[in-house]
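Heads up, the thing below is written out as structure tokens.
Since every read-out is calculated from the coordinates, none of them should be taken as a lab result. Bear in mind that the values here come from a model prediction, so they are computed numbers and not experimental data. Positions of Cβ are backbone-derived with ideal geometry, glycine not excepted, and every protein chain shown enters the neighbour counts.
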Amino acid sequence: MTTIQAVILAVIEGLTEFLPVSSTGHMIIASSIMGIAEEPFTKTFTVSIQFGAILSVVALYYKRFLQSIAFYKRLFLAFLPAAVLGFLMDDLIDMLLSNVLVVAFTLLAGGVLLIFIDDWIKGGTGNSAQQVTYNKAFKIGMFQCIAMIPGISRSAATIIGGLYCKLDRKTAAEFSFFLAVPTMFAATIFKVYKFSKEGLGVSDEQINLLIIGNIVGFIVAAIAIRSFITFLTKHGFMFFGYYRIIVGVGIIVLYIMGVDLKLV
């Protein structure tokens, strides 16, 4: 992996991790086209640079993370379902990840859903974090479990869960960002641990790439989060629905053309 390739993947991670478009699908396309999907380090890199994206949420919303213990109780309740189910179904998730067509079809299905979701689920009104009760937090956590199917998008599942619980768009999106911190942190630590057991170590040069990737991912994710909140509040999900369909069709076309698509 070159520095340019590392920057490209980090930009993609930062842009897509918190948008309802599935970062997995984008990583498939980018790493396969660049010819680095089969490199062992690529797997470590794409997981490790999630730390930069996680830190962008903490940096942007640090005041929220300094509020009451109740805030963390809500996050824990929302995090718990995916933590338990993810641990129990890790092998099944890895099996689904081995089939890129699963990602393609879930991108398409999710895209159709997002096109109509604004009409189907109106969400609530107001703009207060107090809308997120303990009961709603747990329900959103159950929605997050759906995102264990590759291509669904953790962001899409949790934001839709928030709207289902009658949160307004902004509050649903922000709670999705907050929930990403413990969820992505735990998932990243678990994956890095598995990679280390597989002997996927890193050289000094690769450590430099990881540092660059996390810095780029941090900056891009921060910009993406701010832009997404503004766009979502004004325009809703329809654009992201059409975009997901384009990406899903793109993966299928590449697959039919014989491009060796790999999930990193």
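Applying 1/(1 + (r/R0)^6) with R0 = 30 Å to the Cβ-Cβ distance of Ile212 and Asp119, what FRET efficiency is obtained, to the nearest 0.05?
Between Ile212 and Asp119 the formula returns 0.10.
Along the range 108-115, what does the Karplus equation 6.51 cos²θ - 1.76 cosθ + 1.60 (θ = phi - 60°) give for ³J(HN,Hα), rounded to whole Hz, x for Gly and Pro?
5, 5, x, x, 4, 4, 5, 4
Divide by every residue of the chain the summed helix terms, -39500 (n - 2.57) for each DSSP H run of at least 4, and state the resulting mean residue ellipticity at 222 nm, rounded to the nearest 500 deg cm²/dmol.
-25000 deg cm²/dmol
Spelling out what I want: for every residue of the range 71-88, take phi, set θ = phi - 60°, compute 6.51 cos²θ - 1.76 cosθ + 1.60 (Karplus), and round to whole Hz; glycine and proline get x.
Using θ = phi - 60°, the values come out as 4, 6, 5, 5, 4, 5, 4, 6, 6, 4, x, 5, 5, 5, 5, x, 5, 6 Hz.
Just want the answer: with Cβ charges of +1 for Lys and Arg and -1 for Asp and Glu, which residue in Gly217, Phe185, Ser203 is farthest toward the dipole's positive end in the range 147-233?
About the Cα centre, the residue reaching furthest to the positive side is Phe185.
What do you get for the angle between helix 50-60 and the principal long axis of the chain? Use alpha-carbon atoms, 0 to 90 degrees, nearest ten.
Long axis of 50-60 versus the principal axis of the chain: about 30 degrees.
Stretched out fully, how many nm does the piece from Tyr62 to Ile219 gain, at 0.36 nm a residue minus the Cα gap?
Separation in residues times 0.36 nm, less the Cα-Cα distance, equals 55.0 nm.
Can you tell me the FRET efficiency between Thr133 and Met34 if r is taken as the Cβ-Cβ distance and R0 is 45 Å, rounded to the nearest 0.05?
Result of the calculation: an efficiency of 0.50.
Counting Lys and Arg as +1 and Asp and Glu as -1, each charge on the Cβ, what is the dipole of the chain about the Cα centre in debye, to the nearest 20?
In debye, rounded to 20, the chain gives about 1120.
Per residue, how much space in cubic angstrom lies within the convex hull of the C-alpha atoms of the range 3-256?
Each residue corresponds to 118 Å³ of Cα convex hull volume.
Could you derive backbone 3J(HN,Hα) for the range 61-69 from the dihedral phi with the Karplus parameters 6.51, -1.76 and 1.60 (θ = phi - 60°), listing whole Hz in sequence and x where the residue is Gly or Pro?
Per residue, the Karplus-derived 3J(HN,Hα) values read 10, 4, 5, 5, 7, 9, 8, 5, 4 Hz.
Relative to the longest principal axis of the C-alpha atoms of the chain, give the angle of the C-alpha long axis of helix 3-16, reported between 0 and 90° and rounded to the nearest 10°.
20
In the range 3-256, how many lysine pairs have Cα atoms under 22 Å apart, counting only pairs 8 or more places apart or on different chains?
Step by step, the pairs that qualify in the range 3-256 add up to 21.
Helix 23-33 versus the longest principal axis of the chain: what is the Cα-based angle in degrees, 0 to 90, to the nearest 10?
20
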